[in-house]
Amino acid sequence: MSRRQADTIRGLARPLLLGHRGLNTVAPENTLAAIDGAAAAGAHGVEIDVRRCATGQLVVSHDPTLRRITGGADERPVAAVSLDELRQVTRRAARGGPAEGMATLDEVVNRCRELGLVLNVEMKRDVPSRAALVWACARTLAPAGRRHPIVVSSFDPVMLAGLRLAAPQLPVGLLLHRDGRRYQAQLWTRPLGAVAVHVERTMVQASQVARWRARGLRVIAWTVNDLQEVRDLYAIGVDGFISDDPARLRPELERLGPPY
């Protein structure tokens, strides 16, 4: 990636506040209405999830199937359903909330640019073809990333390595969770040229945060909703939070102020 793009990401607001799947408490998660809600709640950006549907478009969906978001009424894989049908199914599942159909990645990119929101795109790894998802993300996000701050993250370092080959200008962040694979951060962040590690909140340790930050990595904790936990993580050097409740966290982060 270019020095300018890396500097743009590293120079974002501190502490950085990202709405988890937009603002999923006021609108269906990962929808344009949820993106709007996150902006209204004071988030600096949003974290969303992406996978491919049956007609090839990149759609914004966390789960591999429709089961949870339809309350069990539809259990088909997202990858097996066309975009038009996904929109119809998810509109029906809104149940009195905003009648939001499933968004495409293109739509979310454009909305975030309009609202001035940082965009963190997680490439899901539970997909039929990880390679196809990587190449599709590269085609969509490479041009957008030249005009707007975008970070692409994944739990799969091989997918991130593929993205770096396909679109070396895109900043990447390695996702980590408590499954015994902390070593991945040491093995992969340097060769990937990662700008960030996105760490499950329960595995954040002060000594590790110091090492990551000494290597120029931004440390983003997920998913953080408790104010005391925000204070504790802030105190050991965490400089970004993914939250379901950005409206609650934003005043506390403003009070704490930039830590560095």
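The values are calculated or read from the model by the stated rules, or taken from the named source; none is laboratory data. What you see is a predicted model; the values in this text were computed from it and never measured. With ideal geometry, Cβ positions are generated from the backbone for all residues, glycine too; neighbour counts draw on all protein chains shown.
What pairs come out if I take residues in region 235-260 that are under 12 Å from Val224 (Cα atoms) and pair them with residues that are in a helix (DSSP H, G or I) and β-branched (Val, Ile, Thr) whose C-beta lies under 7 Å away, six or more apart or interchain?
So the pair list comes out as Val238/Val209; Phe241/Val230; Leu249/Val230.
Looking at Val158, Val151, Val204, can you tell me which residue is more than 28 Å from Ser82 (Cβ to Cβ), of a type in the set (Val, Ile, Thr) and touching a Pro at 6+ places or on another chain (Cβ under 9 Å)? Steps first, answer last, please.
Numbers: Val158 fails: touching a Pro at 6+ places or on another chain (Cβ under 9 Å); Val204 fails: touching a Pro at 6+ places or on another chain (Cβ under 9 Å).
Just a single option satisfies the conditions, and that option is Val151.
Kindly indicate whether any position in region 247-258 is at pLDDT below 90 and outside any helix (DSSP H, G or I).
Yes - at least one qualifying residue is present in region 247-258.
Being of a type in the set (Phe, Trp, Tyr), surrounded by fewer than 14 Cβ atoms within 10 Å (Cβ to Cβ) and either within 21 Å of the chain's Cα centre (by Cα) or farther than 19 Å from Gly37 by Cα (or both), is that true of even one residue in region 239-260? Don't jump to the end; show me each part of the working.
Narrowing region 239-260 to residues of a type in the set (Phe, Trp, Tyr): 241, 260.
Keeping just the survivors that are surrounded by fewer than 14 Cβ atoms within 10 Å (Cβ to Cβ) gives 260.
Keeping just the survivors that are either within 21 Å of the chain's Cα centre (by Cα) or farther than 19 Å from Gly37 by Cα (or both) gives 260.
Within region 239-260, one or more residues are of a type in the set (Phe, Trp, Tyr), surrounded by fewer than 14 Cβ atoms within 10 Å (Cβ to Cβ) and either within 21 Å of the chain's Cα centre (by Cα) or farther than 19 Å from Gly37 by Cα (or both).
Just name the residue that is nearest to Arg125 (Cα to Cα) out of those in region 40-72 that are among the basic types (Lys, Arg) and buried (at least 20 other Cβ atoms within 10 Å of the Cβ).
Here is the first cut: in region 40-72, the ones among the basic types (Lys, Arg) are 51-52, 67-68.
Still in the running and buried (at least 20 other Cβ atoms within 10 Å of the Cβ): 51-52.
On the way: Arg51: 9, Arg52: 11 Å.
Across region 40-72, the extreme among qualifying residues is Arg51.
Looking at (1) part of a loop (DSSP other than H, G, I, E, B); (2) on the phi < 0 side of the Ramachandran plot; (3) out of contact with any Gly (no Cβ under 8 Å at 6 or more places or on another chain); (4) not aromatic (Phe, Trp, Tyr), which one does Gly237 not meet, given that it meets all the others?
Only one criterion in (1) part of a loop (DSSP other than H, G, I, E, B); (2) on the phi < 0 side of the Ramachandran plot; (3) out of contact with any Gly (no Cβ under 8 Å at 6 or more places or on another chain); (4) not aromatic (Phe, Trp, Tyr) is unmet by Gly237, namely (2).
Would it be correct to say that Thr104 is under 30 Å from Pro258 (Cβ atoms), touching a residue at least 40 places away in the same chain (Cβ under 8 Å) and not basic (Lys, Arg)?
On the way: under 30 Å from Pro258 (Cβ atoms): no; touching a residue at least 40 places away in the same chain (Cβ under 8 Å): yes; not basic (Lys, Arg): yes.
The answer is no for Thr104.
For Gly19, which of the numbered conditions (1) in a loop (DSSP other than H, G, I, E, B); (2) under 13 Å from the mean Cα position of the chain (by Cα) fails to hold?
The one condition Gly19 does not meet is (1).
Among the residues of region 24-57, count how many are in a loop (DSSP other than H, G, I, E, B), within 20 Å of Thr223 (Cα to Cα) and either aliphatic (A, V, I, L, M) or out of contact with any Pro (no Cβ under 9 Å at 6 or more places or on another chain) (or both). Outline the logic, then answer.
Initial filter on region 24-57 (in a loop (DSSP other than H, G, I, E, B)): 24-31, 41-44, 53-57.
Keeping just the survivors that are within 20 Å of Thr223 (Cα to Cα) gives 24-31, 41-44.
So of that shortlist, the ones also either aliphatic (A, V, I, L, M) or out of contact with any Pro (no Cβ under 9 Å at 6 or more places or on another chain) (or both) come out as 24-27, 29-30, 41, 43.
Going through region 24-57 one residue at a time, the tally reaches 8.
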